[in-house]
Amino acid sequence: MSYTERENYLRTAAFEGGEWIPCDLHISPASWTSLREDLEDVLARHPTIFPGFQKGRHDYANWEFGPAHRSGEHFTDAWGCVWDNIWAGLEGQVIEHPLPDWSALATYQVPDPMTTADRGPADWPASRRHVGEARAAGHLTSGGLPHGFLLMRLWYLRGFDNLMADLVEEPPELAALIEMLATHNHRIVREWLDIGVDVVSFGEDLGTQRASTISPATFRKWIAPTYRRLMQPCRDAGAHVYLHSDGHILELVDDLIQCGVTILNPQDLCNGIDNLAREVKGRVCISLDVDRQKIVPFGSRKEIRELVREEAMKLGSPQGGFMFGGGIYPPTPPENVDALCSALEEFRTYWWDGRG
């Protein structure tokens, strides 16, 4: 039996078996524009990981970095947040917040998601057309919310220190602002569900290097209700709920599953491979964010292979429930990208080719 990419992905997500571990690597614009043709040579050697890739399609001299990704630019998004950037091709950070004082909330206007995206106009007819074309071609279809849709949006709007104080002091304005964000996000989710995607993606960074950004109790009180409000309609419609989060989030896994997450995208080393195997494996599909801080950028070819081998063996199974993901960011050299792709190709069929 041979599955399509879409069939294999959906069977993996649903613990219904498969034929290989899905692998999805994102190349950051910062890596593209620093490695250039050397990176193209690597990707061309690994069509299994990068199907359809063709060399020579990028114009590096005229690369257009997106808003909040341009070095030296102060960009104001649709929410009134001012972004600063010091490294072209990587997302900057918010340095000016539209709601530093609660007195501004009375006149604050949330952007209309039907006409305005975070960093430009919204084009829902084009989104519907692209999903339809992908579906007709038999590809997996997905849509989702912008990265930082709730907890991070709150600190973009209020400032991190202000938000942390809010979560302790619990002013009534906090609940009002969360409701505004929930209503805004719910409209986007409903639009993707009306289009009929296979997967609805949610993403924001809930963890630091060592612990969740807020306590599980605080998450449960202020964030989880909106997560459920956004994710349950996806489940009811038969769509998978994909949640990405950087950082250590083990303390939040129970709540995330209860909210409706079916595919969880955690980082490997800050959560611990053994911890993920013990506390997460089998409960929700793991789309593992392969290390981008230590081994992949700085390790040897042998170390990269051993990391992928350990993760495939400890987190995978013939029933599925495990995927590889991740991103390539500076200062990862081309040879390490090649080592990672080679390791993914070597172990992607581990559970189905007689080795597992």
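The values are calculated or read from the model by the stated rules, or taken from the named source; none is laboratory data. Computed from a predicted model, the values in this text were never measured in an experiment. As a convention, Cβ positions derive from the backbone with ideal geometry for all residues, glycine included, and neighbour counts pool all protein chains shown.
Overview of results
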quantity: Residue within the range 187-203 that is of a type outside the set (Phe, Trp, Tyr), under 24 Å from GLY327 (Cβ atoms), surrounded by 15 or more Cβ atoms within 10 Å (Cβ to Cβ) and out of contact with any strand residue (DSSP E or B) (no Cβ under 7 Å at 6 or more places or on another chain) present; calculated: yes
quantity: Residue in the range 115-132 that is touching a Lys or Arg at 6+ places or on another chain (Cβ under 9 Å) and among the hydrophobic types (A, V, I, L, M, F, W, C) present; calculated: no
quantity: Among the residues listed as ALA182, ALA165, ALA134, the single one being farther than 29 Å from ALA239 by Cβ, of a type in the set (Gly, Ala, Ser) and surrounded by fewer than 19 Cβ atoms within 10 Å (Cβ to Cβ); calculated: ALA165
quantity: Any hit, the range 340-355, residues being assigned to a loop (DSSP other than H, G, I, E, B), touching a Gly at 6+ places or on another chain (Cβ under 7 Å), in contact (Cβ under 8 Å) with a residue 40 or more places away in the chain and farther than 29 Å from GLY260 by Cβ; calculated: yes
quantity: Selection within the range 74-121 - acidic (Asp, Glu) and either at pLDDT below 95 or closer than 15 Å to LEU181 by Cβ (or both); calculated: ASP77, ASP112, ASP118
quantity: Residues of the range 235-254 satisfying the condition of being over 17 Å from the mean Cα position of the chain (by Cα) and either on the phi > 0 side of the Ramachandran plot or buried (at least 18 other Cβ atoms within 10 Å of the Cβ) (or both); calculated: GLY238
quantity: Selected residue (only one of ARG278, ARG229 is in contact with a His (Cβ under 7 Å, 6 or more places away or on another chain) and farther than 20 Å from ARG6 by Cα); calculated: ARG229
quantity: Those residues of the range 328-356 which are of a type in the set (Ser, Thr, Tyr) and under 14 Å from ILE304 (Cα atoms), in sequence order; calculated: THR332, SER342
quantity: Close pairs (8 angstrom Cβ cut-off, 6 or more residues apart or separate chains): on the phi > 0 side of the Ramachandran plot in the range 32-45, outside any loop (DSSP other than H, G, I, E, B) and among the hydroxyl-bearing types (Ser, Thr, Tyr) anywhere; calculated: ARG36/TYR60
quantity: Out of GLY320, GLY316, sole residue that is at pLDDT 95 or above and on the phi > 0 side of the Ramachandran plot; calculated: GLY320
quantity: Total residues in the range 131-179, condition among the small types (Gly, Ala, Ser) and under 25 Å from CYS23 (Cβ atoms); calculated: 7
quantity: Odd one out for ALA30 among (1) out of contact with any strand residue (DSSP E or B) (no Cβ under 6 Å at 6 or more places or on another chain); (2) of a type in the set (Gly, Ala, Ser); (3) in a loop (DSSP other than H, G, I, E, B); calculated: (3)
quantity: Whichever residue in the range 255-307 is over 20 Å from the mean Cα position of the chain (by Cα) and of a type in the set (Lys, Arg) and, among such residues, is nearest to HIS240 (Cα to Cα); calculated: ARG278
quantity: Among residues of the range 1-21, those that are buried (at least 18 other Cβ atoms within 10 Å of the Cβ) and not in a helix (DSSP H, G or I), counted; calculated: 3
quantity: Candidate set: the range 22-64, residues that are of a type in the set (A, V, I, L, M) and closer than 24 Å to MET323 by Cα; chosen: the one surrounded by the most Cβ atoms within 10 Å (Cβ to Cβ); calculated: VAL42
